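Engineer: Sharing a structure with you now.
The values are calculated or read from the model by the stated rules, or taken from the named source; none is laboratory data. All values derive from a computational prediction rather than experimental measurement. Note: ideal-geometry Cβ built from the backbone for every residue, glycine included; neighbour counts use all protein chains shown.
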C-alpha cells in the first residue's frame, strides 16, 4: 500500500527550508521519498520514532531478500502485484537443487557438476538453476559440515542450509556466512535460542510454521530483534494447501498491507512430490503461484529446461512485448538457394514463423525487422513495417550476400507493401506474398523452395 | 494489526455448459471462484476436465514417443478414439485436419461421416475442431452439425469471419459452440457479443488460443487469467463462459517436445497446468501420460 507524499510531509519537521536533505523544501523531499527516490536518513531532524515509522511506511510491501553473493546473488521478494497482468512479476524464484549429507560422494559430485553444467541458451538469455540446498539428514554433524565445506569450496553458488539441529545449522552458517546462505528452519520451538545466534552473523532466515498464522508471531519477533531478511514456509502439505497458503500470504502482504507476512516464500516440491516428473509439475505451480525459492530433489536436462522456460515466461514483463534482435536468422542449414522470409521482431511472431518453417524441414533464412516488438499487421499500421523501411533493412542486413536468388517472401497480411518494397529494393528483388497465417507456411514453403532449387 | 485470512467472495458465476447427451454428457464451468481457490467463498462444481486429441488422418510429423501409446490405431480415427477411453478421458477431441485446403482438402461429407462414426463409437462426449480455414470450415462444420443432429457435440472454431454461418448450423442441430479469437480480450468479447445475438450464451465455450510453453505461453496464460477474473470478479456476462485450452498440437510441434519424451510430457504438462491455474475448464492434450501426470498433480486436496 503506497503512501502519498502529502501524508509523509506531515511527519517531516517543516522548519524553514534548511535544505540539509538536498531538496529545496520538506514537500519536495516528501514527494521524492514517496516515489522511492530518496532515503529517510537524509533528514537529520527526525526523531527516532518518526524515522522508524517512516521507514516502515515506505518499505516495499514484500521485503527484498538476497541469498548468495556477487554475481550469483538471488534476489527475491519486492513484488507489487498478485497477478502478472496487473503490472509484472519482478524477481523470479531461485531454483535450488537439494543435496543430502546422506548422499554418497559420487552423488554429491554429480549434483554439483549438474548445477554448474546445465545451462541453456534461450532467445538471447542463459537459463540455469541458481542455488544448492544442503540438507542435514545423516544425524552426524561432521558429515553435514563436511558437505557444506565441500560445496562452499567448489562452487560460487548461494546456499540454503537445512537443519533441525541448531548447533549444526549455525556451525554450517559460520563456514559460509559471507555467501549469505538462507538458514532453515526457524520455528516457534527454536526461535528464542536462535535469535542471538542469528544476530551474531546476520544472513537470511527461513521460517517454518504449521500454517500461515503460525508465521506471524515469528516474523514479528524477528523484526523486533532487527532481523528482517526473512523467507516464509507455511508448511503446506499438498498442492491445494500450497495454493491457498501462497495466495493468503500474497494477498495479506499486497492487498491488506499486512507487514508481518510481507516476505517472500520458500517451497519444497522435493518433500511434497518425491521425485519424477510430478515434482517438476509441483514446482511449476510454485513458479506461477509466487514462491521465492523452489527446492528440487533432483533434475536432468530434460526436466530442468521446461521449468526454467516456464519461469522465464511467467516473469516476462507483459507491458513490454518481448522482442528479438534485428538480423537474419538461419533455420536449419540454409545455402545460397534457400528461401528468404521477412517478418517483424515481436518474439511471438518470430517463434511462430521459425517453428512453422522448421516444421517444413526446409532450411531457410528469416529476416527479422525491428518493429519495436509489434506483430506484423500492427507494425505496418504504426509505420514500422513499411515497404521503405523493410527495404532498407533487407539491403543492410547482408542477406543479399548469402543467397544467389533475389526472391523475398513477405507475410500475406502486409501484401500491400509489395510494390513499395520492390521499389525500395531498386527492383532487384522479386517480392512474393506469403500466407496470411503461419499455419499456411507448411503448404506454401515447399513450392517456393522447389522453384528456387530449379533455378540453380 | 490483527491478521484476518484474506478470503474473497465474488459476484460472477461462469455459465455451466453441458456437452453431449444423456449418459454421454459432461458439464464444464459453473464456478464462482478463481481456479483452485476452494478456500474463497464459493465453489467449482465441475473441476478441470481432460480430453485427448484424435486426428482424422495419420499424423506424419509426430515423434515416436507420441505415436507409441496409439501405434496400433493411429491410422484409424474410430479405433484411436475408442482407445482414448482406456486413459479415463472426460471427452475426445477430433481434429478434422485433413479438410484443410492446405493439407488434403478432404471433402466435408467424408469428415462429417467420420465425426458421426466416432461420436457413436465412444462413451464420452465428442469435441470437433475444424481445420481453422475460415471458408472451408463453414462447409465442414455445417455438415458435421447436420449429420450429428441432436448429439450436442462441442463444435468449433467459430471465428469472427464465419461465426454467423457456423453458429447457425451448430444452433440449428442442437450442438455447443467453441468461439475462438486470437489472444485478444476485446476481440474475444466482441465475438461473444455478436454470437450471443442469436446463440444462447450458455452454449458457448471460449477458446482464446493457447500457445505452448516457450512459444508465447505467457500471453495465453495472462489472457485466460484476465478473462476468468473479469467474469468472476466484475460479472462481465460476455466473459462468463467456460474456457477450453487446446494445447496438444501447439506443444507437440515444438522442437523440445519432439526431442525427448520426458521433456515432451513436461512441455505439454506444464503448459496444461499453467493454463488450469489461469482458468481453463477443459484441456485438450495429445499424450495420455501427460493427462495422467496433470491429473495426479492436481489430485491432492
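Engineer: For the subset of the stretch A:47-96 comprising residues that are buried (at least 18 other Cβ atoms within 10 Å of the Cβ) and over 17 Å from the mean Cα position of the chain (by Cα), which member is nearest to residue B:219 (Cα to Cα)?
Structural biologist: Among those that are buried (at least 18 other Cβ atoms within 10 Å of the Cβ) and over 17 Å from the mean Cα position of the chain (by Cα), it is A:61.
Engineer: If I filter the stretch A:430-456 down to residues being under 43 Å from the mean Cα position of the chain (by Cα) and either part of a loop (DSSP other than H, G, I, E, B) or not assigned by TED's automatic domain parsing to the domain that holds residue A:397 (or both), which single residue comes out as farthest from residue A:409 (Cα to Cα)?
Structural biologist: By that ranking, first place goes to A:437.
Engineer: Among residues belonging to the stretch A:251-271 that are surrounded by fewer than 22 Cβ atoms within 10 Å (Cβ to Cβ) and facing chain B (nearest Cβ under 9 Å), point out the one that is nearest to residue B:269 (Cα to Cα).
Structural biologist: So the residue we want is A:251.
Engineer: Among the numbered conditions (1) at pLDDT 95 or above; (2) within 23 Å of residue A:251 (Cβ to Cβ), tell me where residue A:228 comes up short.
Structural biologist: Going through (1) at pLDDT 95 or above; (2) within 23 Å of residue A:251 (Cβ to Cβ) one by one, residue A:228 breaks only (1).
Engineer: Select from the stretch A:400-421 the residues that are free of Cβ contacts under 8 Å to residues at least 24 places away in the same chain and either in contact with a strand residue (DSSP E or B) (Cβ under 9 Å, 6 or more places away or on another chain) or not in a helix (DSSP H, G or I) (or both) and list them in ascending order.
Structural biologist: A:415
Engineer: If I go through the stretch A:422-447 residue by residue, how many of them are within 26 Å of residue B:61 (Cβ to Cβ), in contact with a strand residue (DSSP E or B) (Cβ under 6 Å, 6 or more places away or on another chain) and either surrounded by fewer than 14 Cβ atoms within 10 Å (Cβ to Cβ) or within 14 Å of chain B (Cβ to nearest Cβ) (or both)?
Structural biologist: Total satisfying the criteria: 1.
Engineer: Here is a follow-up. Looking only at the stretch B:176-195, count every residue that is out of contact with any helix residue (DSSP H, G or I) (no Cβ under 7 Å at 6 or more places or on another chain) and not in a loop (DSSP other than H, G, I, E, B) and tell me the total.
Structural biologist: 5
Engineer: Give me the helices (runs of 4 or more DSSP H) completely within the stretch B:58-161, filtered to those with at least 2 residues that are closer than 22 Å to residue B:290 by Cα, ordered by residue number.
Structural biologist: Counting at least 2 such residues, we get B:64-67, B:77-84.
Engineer: Do you know which residues across the stretch B:262-281 are more than 7 Å from every other protein chain (Cβ to nearest Cβ) and closer than 14 Å to residue B:220 by Cβ?
Structural biologist: Once the filter is applied, which keeps residues that are more than 7 Å from every other protein chain (Cβ to nearest Cβ) and closer than 14 Å to residue B:220 by Cβ, the stretch B:262-281 yields B:268, B:271, B:272, B:275, B:276, B:278, B:279, B:280.
Residues checked against (1) at pLDDT 95 or above; (2) buried (at least 23 other Cβ atoms within 10 Å of the Cβ):
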position	(1), (2)
B:184	no, no
B:193	yes, no
B:196	yes, no
B:200	yes, no
B:204	yes, yes
B:210	no, yes
B:227	yes, yes
B:231	yes, yes
B:236	yes, no
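Engineer: Residue under question is residue A:341, and the condition is that it be facing chain B (nearest Cβ under 9 Å), touching a residue at least 24 places away in the same chain (Cβ under 8 Å) and buried (at least 21 other Cβ atoms within 10 Å of the Cβ); does it hold?
Structural biologist: Criteria not met by residue A:341.
Engineer: When you check residue B:269 against the structure, is it more than 24 Å from residue B:158 (Cα to Cα) and not in a helix (DSSP H, G or I), yes or no?
Structural biologist: no
Engineer: Test residue B:285 against the criterion of being touching a residue at least 24 places away in the same chain (Cβ under 8 Å) and at the interface with chain A (Cβ under 9 Å from one of its Cβ atoms), and give yes or no.
Structural biologist: no
Engineer: Of the conditions (1) under 30 Å from residue A:437 (Cα atoms); (2) more than 16 Å from the chain's Cα centre (by Cα), residue B:73 clears all except one; give me its number.
Structural biologist: Only one criterion in (1) under 30 Å from residue A:437 (Cα atoms); (2) more than 16 Å from the chain's Cα centre (by Cα) is unmet by residue B:73, namely (1).
Engineer: Can you tell which of A:250, A:208 is closer than 15 Å to residue A:77 by Cβ, in the same structural domain as residue A:270 (by TED's automatic domain parsing) and at pLDDT 95 or above?
Structural biologist: Going through A:250, A:208 in turn, just one is closer than 15 Å to residue A:77 by Cβ, in the same structural domain as residue A:270 (by TED's automatic domain parsing) and at pLDDT 95 or above: A:250.
Engineer: Looking only at the stretch A:274-290, filter to residues that are free of Cβ contacts under 8 Å to residues at least 12 places away in the same chain and within 8 Å of another protein chain (Cβ to nearest Cβ); which one of those is farthest from residue A:223 (Cα to Cα)?
Structural biologist: So, considering only residues that are free of Cβ contacts under 8 Å to residues at least 12 places away in the same chain and within 8 Å of another protein chain (Cβ to nearest Cβ), the one farthest from residue A:223 (Cα to Cα) is A:278.
Engineer: Continuing with the same structure: Does residue B:6 fit the bill of being under 30 Å from residue A:211 (Cβ atoms), at pLDDT 95 or above and under 20 Å from the mean Cα position of the chain (by Cα)?
Structural biologist: no
Engineer: To continue, here is another question. Which of the residues spanning the stretch B:238-253 are assigned to a loop (DSSP other than H, G, I, E, B), within 14 Å of chain A (Cβ to nearest Cβ) and buried (at least 24 other Cβ atoms within 10 Å of the Cβ)?
Structural biologist: The answer is B:247, and nothing else.
Engineer: Please give the strands (runs of 3 or more DSSP E) falling wholly within the stretch A:59-146 in which 2 or more residues are under 27 Å from residue A:165 (Cα atoms).
Structural biologist: The strands (runs of 3 or more DSSP E) meeting that bar are A:65-67, A:74-76, A:94-100, A:131-135.
Engineer: To continue, here is another question. Considering only residues of the stretch B:34-57 that are in a loop (DSSP other than H, G, I, E, B) and out of contact with any helix residue (DSSP H, G or I) (no Cβ under 9 Å at 6 or more places or on another chain), which is surrounded by the fewest Cβ atoms within 10 Å (Cβ to Cβ)?
Structural biologist: Once the filter is applied, the top-ranked residue is B:45.
Engineer: Okay, next question. Could you check, for the stretch A:291-303, whether at least one of its residues is within 12 Å of another protein chain (Cβ to nearest Cβ) and either farther than 21 Å from residue A:132 by Cβ or modelled with pLDDT under 95 (or both)?
Structural biologist: Scanning the stretch A:291-303, I find no residue that is within 12 Å of another protein chain (Cβ to nearest Cβ) and either farther than 21 Å from residue A:132 by Cβ or modelled with pLDDT under 95 (or both), so the answer is no.
Engineer: Within 30 Å of the chain's Cα centre (by Cα), assigned to a loop (DSSP other than H, G, I, E, B) and away from chain B (no Cβ under 14 Å) - does that describe any residue in the stretch A:380-399?
Structural biologist: The answer is yes; a qualifying residue exists.
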